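The structure under discussion appears below in the form of structure tokens.
The values are calculated or read from the model by the stated rules, or taken from the named source; none is laboratory data. From a predicted model like this one, the values you see are computed outputs, not experimental measurements. A quick note on method: Cβ atoms are made from the backbone with ideal geometry, for glycine too, and the neighbour counts reach across all protein chains shown.
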Amino acid sequence: MSTRLATGGRLIDRKRPVEFTFNGRRMRGFAGDTLASALLGAGQSLVGRSFKYHRPRGIVASGAEEPNALVNLGKGPRFEPNQRATTQELYAGLSATSQNHWPSLDFDVGAINAALSRFLPAGFYYKMFMHPRSFWKHVYEPFIRQSAGLGKAPKDADPDTYEHFYAHVDLLVVGGGIAGLQAALQAGRAGKRVLLVEQTAHWGGRAVTDGARIDGTSADEWVKSAVQALEHMENVTLRTRCMGAGVYDHGYVTAYERLTDHLSETEGPRHRLWRIRTEHTVVATGALERPLSFAGNDIPGVMLASAVRDYITDWAVSPGDRTVVVTNNDDAYRTALAIHEAGLQVAAIVDARPAPEGALVTRARELGLPVLTGKGIAKVKGGKQVEGVAICAQAGEGSVLQEIPCDCVAMSGGWSPVVHLWSHTGGKLIWDAERAFFRPDPDRPPLGADGGAAVTCIGAANGHLRTGEILSDAQAALERLSGEAGAVPAAEDPDEGAMLPVWMMPQGAKLELRRKMWLDYQNDVKVTDVQLAAQEGYESVEHTKRYTTLGMATDQGKLSNINGLATLAQALGEDIPQVGTTTFRPPYTPISMGSIAGEARGELFQPIRKTPIHDWHEAQGAYWEPVGHWRRPYCFPRQGESHEEAVAREVKNTRQGLGLLDASTLGKIIVKGPDAGRFMDMLYTNMMSTLKPGRCRYGLMCSENGFLSDDGVVARIDEETWLCHTTTGGADRIHAHMEEFLQTEWWDWKVYTANVTEQWAQIGVVGPKSRAVLEKLGGMDLSADTFKFMDWQDGTLGGFPVRVFRISFSGELSFEVATPAGQGRALWDALLEAGAEFGVMPYGTEALHIMRAEKGFIMIGDETDGTVIPQDLGLDWAISKKKDDYIGKRAQDRSHMTDPGRWKLVGLETTDGSVIPDGSYAVAEGTNANGQRNTQGRVTSTYHSPTLDRGIAMGLVLHGPDRMGEVIEFNKVDGTTVAAKIVSPVFFDPDGEKQNV
Amino acid sequence: MSELTVTRLTDRGMISLRGDLSDDALRSACTGLSGGDFPEAGHAIVSGDKGLLWMSPDEVLILLPQEEVGQALETLGSALAGSHHLAVDVSDARALFRLEGSGLRDTLQKLTPADLSPATFGPGRIRRTRLAQVAAALWMPGEGQVDLVCFRSVADYVQRLLEVAAEGGPVGFHPA
Amino acid sequence: MLIFTCPCCGERADETELSPGGEAHIERQSVESSDEAFEGYLFIRENPRGVHFERWRHAYGCGKWFNAARCTVTLEVFGTYPAQTMRPPQDLLDHISQRRPGWTWRDLA
């Protein structure tokens, strides 16, 4: 049973007790505790259930590598699952609950899976749920849904805020242990812009806990003075609680800073995602201890040896009264010594090596600690807590030699450098057989934009596990990087003997033992699962990973990967380097979704583009339609009015009286220069160079593929200048299209463009009374004789500087009035006021669409979809026959484009007056090779016309223009069809009498 | 909270001038309007409410009081008659913000991937970049001040972005 | 996440400030071109493992198009240059030869 020691604990402040709750029980820890150390200190060693078998699980580690101690944190909208107790700092009022059990942590129904574990081996899900198919929906899927997922998803919106921060540095150092500090010191002194990040709240890493000696003083003192020196350097930025999360291409690195997770009362952003651009990254992320594979190695009380001494030294927590240390290396003897120094009992040191001899081994023997050599653990006894271990010969099959009662097992299978960040962008590894780990291959580093090494690993992350080696490696690397020499701190290290790779304990363990040896605690993957995968023919480590789910949990196999692939290698009879590792992917540990989103949430999720008249629309309760990032009023419903009724009212009012449209979103691009006419003729299918100043012309633009991409009215401003109107969605795209051709194709042509879309508010003044209202404002001669259809002129109206275009997209007498955007709202108000006597009403995009459809005008995005050429739409009249070339001309000569069988635009009138469903196809006789009904056309626009009080539509139909009057059938969602007559697409006022007044 | 204020300036005129920036006539027409020197690439020379911003190899943005825009366009038209150029009033197409106070670089650095360290961004420099999801140009009229322009339609978005970034507080990366 | 120095304005531009524009140095084919030549213009592209020339636009910056020479395997950037040229500058080609002896791309080597 774990408990708090009476003295010690370098990180806790006993004067500041901190209350928290676990599964509703009030508990007490100290300031400086992690949730894990506080739980252990309060005697809570059982912290959760495993994912698959619901086995009782306790804390294994003391840091980011923890696989078991995942808890739910917080309440209500701040509820968050899967938080690691080992990295969560304790604060007053912290509320945690355990996961993966029902009804309670101590009594869990799902634990029945453990009893069935013989029947749930690797690949079980793939094998079991295949047959019979009919079982999927009612038996298998509900079962999987019930058991899938780790923790529960939060239900409410997250009330916290998050932010990004872009930082540019010369050198990023990840890891604030002694290697990282030494690197930052050297780079800082060389004048580099340095950012040093450390994932925990404390500097110094293992060296401080392990009491290393540096430069004749304690590591603690050395770290303090190093941090102090760094804090005085203006060119160095230090960050704790900031994890190097991912390394990406060209020196882009993300770091995850947890700003308030350790506080009760919080203010400001919770997490900050650092988006760093660095010339070079130094990875000083240390090493992680590996578990040993012996039966029962997942029972609460079995911990990493390093974690045991961390809890004792850092937090004054005893993981148990009697501890058995089991190891294959000298480092674990440090744990035995720490246990002994804390006044706790070392029941035995079980060393798999036949004849260990190093300074630490000698010291343990001198202190009288029992050392068993050449031995291993046959199995751990206990259920929810370790009760003892059975000892066997490591060389044998597991025959029990003796049993040792204990309540804690401290295991060490050796150490593995943390090479994740090195590997994220392709840094390669080499297998170090002597020390049994993968370390970075200095000859195959990840590369940067200049083709040189982008990342350097130093210290333990580079395979150096001893204080002196770590510091000299850091110093040497930084001298290479900074080009400046410096001094290496001196360190005193005890002599250590060689480790012995141990991948299974005992070496020849029987099946019943292997079945209880856990590799991956979080995903419940055992030695037998990997062996089964190998037996079933899985040879690639990547396939085995997916088949067994080894290393696929939220800890990404930090503890299990090396043991897993060593097990696989043995099962395959291959060497470990031949089997290789799986791919390391960012982030190093999970980061919050909020930090990824940053500020882009709620009202800032996406920019909303607003016209100068936006606020008026909003005040009128406009129903919005998103058009690109713009918001445009779809209609302006009045009290009690449906959208459909509002649209009908707006159409009728415009056709009979006066409507106003906010057309400010229309693209407006100036094209000017001596070669502008020539350029305009290339851009448009029509001849634009012959347009006279003061006149407008409707034009079409195509892509080089020949497909219609945009349309709009062009106005000739002066001899050298044209103004191109584009669709709302087309403004930026068409401007970019123009610049692309000017910059990359015809760069010798003298043409400049400017996108002036937002300089102008543009208001469509539409309807029989439109001239009257403008004349009432006064200031320009707008009479039919002097201001003809397709004319434009500058002037003033009601005192506003305006440019007026006499153009029409509705078939009505219509003027588009542009004024500088800053005056747009005032002009809109003036038009409303002046128009009151004419019954003025604003109208929205739906009324606009209906009126254009009544007139048979096409709409980009309705009649076009990126596969339609102007010829399909009967727009041949807008394609100049005189021009040698225009963008898209050559493509329109391709055989498929000139195929007489292409579907062509026609109008469609249902025989019963109903509206053809959107997206409907015209059905033809017979079926195709897939048994689907043949088609002969499709609807492109379909509306109820308030003007004609019937359904009208446009569509593309096979030989359509030659089939006027023919009735064809369109499919409906209910499987029936609706009959429609092929007619001219101009449904209303075909002679244009309404606009020519 | 950073001690930082965000103010939208609405009385500033802006003319986008495209042309040959090495042309003496163009340069002197511009400096005649701004009253200062002609900026090098990546630079902004501003004084009070007048200035010249280098926007691209063939574009400068002329800052001047809004009521002077009409006259300035005429001046440019006659000074550059016969030489290929395009001058347009974009005063209403852009929104101009002024940020003042401490933590300017840290605040903006939450929104832009451009390097705003004093070595690459200080008074006299201009940087066109993105702020979160929209385009913007930033320059420093003086220490403790950043002016920026964005498109008018996203002015509310940018204003809120700047406020939220400032509310997030100082980061302690850039010098104040 | 790539970073390029825009040769037009001199700024170091983050990938998120740029728009990609596909392969560089494609010659426009027009009305008089054969079907085969026109197909090549519209659809046929290099897909090299190694040296590649491509177009980028500094969309959030100066708005200019530029070309970049880049290794598609290591992402090493050999250089950037303005788009107004039919052929990469010779000093860039020399630099690539130094970094990737024996490289070829279309008719370049």
Looking at A:Lys994, A:Lys981, which is the one that is out of contact with any Lys or Arg (no Cβ under 9 Å at 6 or more places or on another chain), touching a residue at least 40 places away in the same chain (Cβ under 8 Å) and not β-branched (Val, Ile, Thr)?
-> A:Lys981
Take the residues of the stretch A:671-696 that are assigned to a strand (DSSP E or B) and either surrounded by 20 or more Cβ atoms within 10 Å (Cβ to Cβ) or among the hydroxyl-bearing types (Ser, Thr, Tyr) (or both): which is nearest to the other protein chains (Cβ to nearest Cβ)?
-> A:Lys672
Considering only the stretch B:1-32, state which residues are surrounded by fewer than 19 Cβ atoms within 10 Å (Cβ to Cβ) and either in contact with a Lys or Arg (Cβ under 6 Å, 6 or more places away or on another chain) or within 28 Å of B:Ser102 (Cβ to Cβ) (or both).
-> B:Met1, B:Glu3, B:Thr5, B:Thr7, B:Arg8, B:Leu9, B:Thr10, B:Asp11
Check the stretch A:249-260 and report whether any residue there is part of a loop (DSSP other than H, G, I, E, B), among the hydroxyl-bearing types (Ser, Thr, Tyr), at pLDDT 95 or above and in contact with a Lys or Arg (Cβ under 6 Å, 6 or more places away or on another chain).
-> yes
Selection from the stretch A:563-583 of residues surrounded by fewer than 24 Cβ atoms within 10 Å (Cβ to Cβ) and either among the aliphatic types (A, V, I, L, M) or in contact with a Cys (Cβ under 8 Å, 6 or more places away or on another chain) (or both) yields A:Ala566, A:Ala569, A:Ala571, A:Leu572, A:Ile576, A:Val579
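Residues are listed down the side, and each one gets a yes or a no for (1) farther than 21 Å from A:Asn82 by Cα; (2) over 29 Å from the mean Cα position of the chain (by Cα); (3) assigned to a helix (DSSP H, G or I):
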site	(1), (2), (3)
A:Leu513	yes, yes, yes
A:Lys516	yes, yes, no
A:Ala533	yes, yes, yes
A:Glu542	yes, no, yes
A:Met552	no, no, no
A:Pro577	yes, yes, yes
A:Glu599	yes, no, no
What number of residues in the stretch A:274-286 are at the interface with chain B (Cβ under 10 Å from one of its Cβ atoms) and of a type in the set (A, V, I, L, M, F, W, C)?
-> 1
Residue in the stretch B:63-103 that is farthest from A:Lys672 (Cα to Cα), counting only those that are aliphatic (A, V, I, L, M) and away from every other protein chain (no Cβ under 14 Å) | B:Leu99
Among A:Glu265, A:Glu357, which is outside any strand (DSSP E or B), surrounded by fewer than 23 Cβ atoms within 10 Å (Cβ to Cβ) and touching a Gly at 6+ places or on another chain (Cβ under 7 Å)?
-> A:Glu357
Considering only the stretch A:631-647, state which residues are closer than 20 Å to A:Ile613 by Cα and loosely packed, with under 14 Cβ neighbours inside 10 Å.
-> A:Arg638
Is it the case that the stretch C:85-99 has a residue that's under 30 Å from A:Gly426 (Cα atoms), buried (at least 17 other Cβ atoms within 10 Å of the Cβ) and within 14 Å of chain B (Cβ to nearest Cβ)?
-> no
Select from the stretch B:122-138 the residues that are part of a strand (DSSP E or B) and away from chain A (no Cβ under 14 Å) and list them in ascending order.
-> B:Arg125, B:Ile126, B:Arg128, B:Ala137
Taking B:Ala41 and the conditions (1) touching a helix residue (DSSP H, G or I) at 6+ places or on another chain (Cβ under 7 Å); (2) small (Gly, Ala, Ser); (3) over 22 Å from B:Gln66 (Cβ atoms), which numbered condition does it fall short on, given that it satisfies the others?
-> (1)
Collect the residues in the stretch B:119-134 that are hydrophobic (A, V, I, L, M, F, W, C), modelled with pLDDT of 95 or more and more than 20 Å from B:Gly13 (Cβ to Cβ), keeping them in residue-number order.
-> B:Phe121, B:Leu131, B:Ala132, B:Val134
Name every residue in the stretch A:875-912 that is of a type outside the set (Val, Ile, Thr), under 22 Å from A:Phe857 (Cβ atoms) and away from chain C (no Cβ under 14 Å), in order of residue number.
-> A:Leu875, A:Asp876, A:Trp877, A:Ala878, A:Arg902, A:Trp903, A:Lys904, A:Leu905, A:Gly907, A:Leu908, A:Glu909
Under 23 Å from A:Ala454 (Cβ atoms), in contact with a strand residue (DSSP E or B) (Cβ under 9 Å, 6 or more places away or on another chain), among the hydroxyl-bearing types (Ser, Thr, Tyr) and assigned to a loop (DSSP other than H, G, I, E, B) - does that describe any residue in the stretch C:59-72?
-> yes
Every listed condition ((1) surrounded by fewer than 17 Cβ atoms within 10 Å (Cβ to Cβ); (2) within 14 Å of chain B (Cβ to nearest Cβ); (3) not in a strand (DSSP E or B)) holds for A:Met738 save (1)
Does any residue of the stretch B:150-166 turn out to be assigned to a loop (DSSP other than H, G, I, E, B) and either more than 30 Å from A:Val197 (Cα to Cα) or in the same structural domain as B:Gly42 (by TED's automatic domain parsing) (or both)?
-> no
Have a look at B:Pro141, B:Pro175, B:Pro170 and point out the one that is more than 8 Å from chain A (Cβ to nearest Cβ) and assigned to a loop (DSSP other than H, G, I, E, B).
-> B:Pro170
Across (1) within 14 Å of chain B (Cβ to nearest Cβ); (2) modelled with pLDDT of 95 or more; (3) assigned to a loop (DSSP other than H, G, I, E, B), C:Arg49 clears everything bar (1)
Right, A:Leu230: modelled with pLDDT of 95 or more and assigned to a helix (DSSP H, G or I) or not?
-> yes
Of the candidates A:Gly628, A:Gly598, the one satisfying the condition of being touching a residue at least 40 places away in the same chain (Cβ under 8 Å), within 14 Å of chain B (Cβ to nearest Cβ) and surrounded by 22 or more Cβ atoms within 10 Å (Cβ to Cβ) is A:Gly598
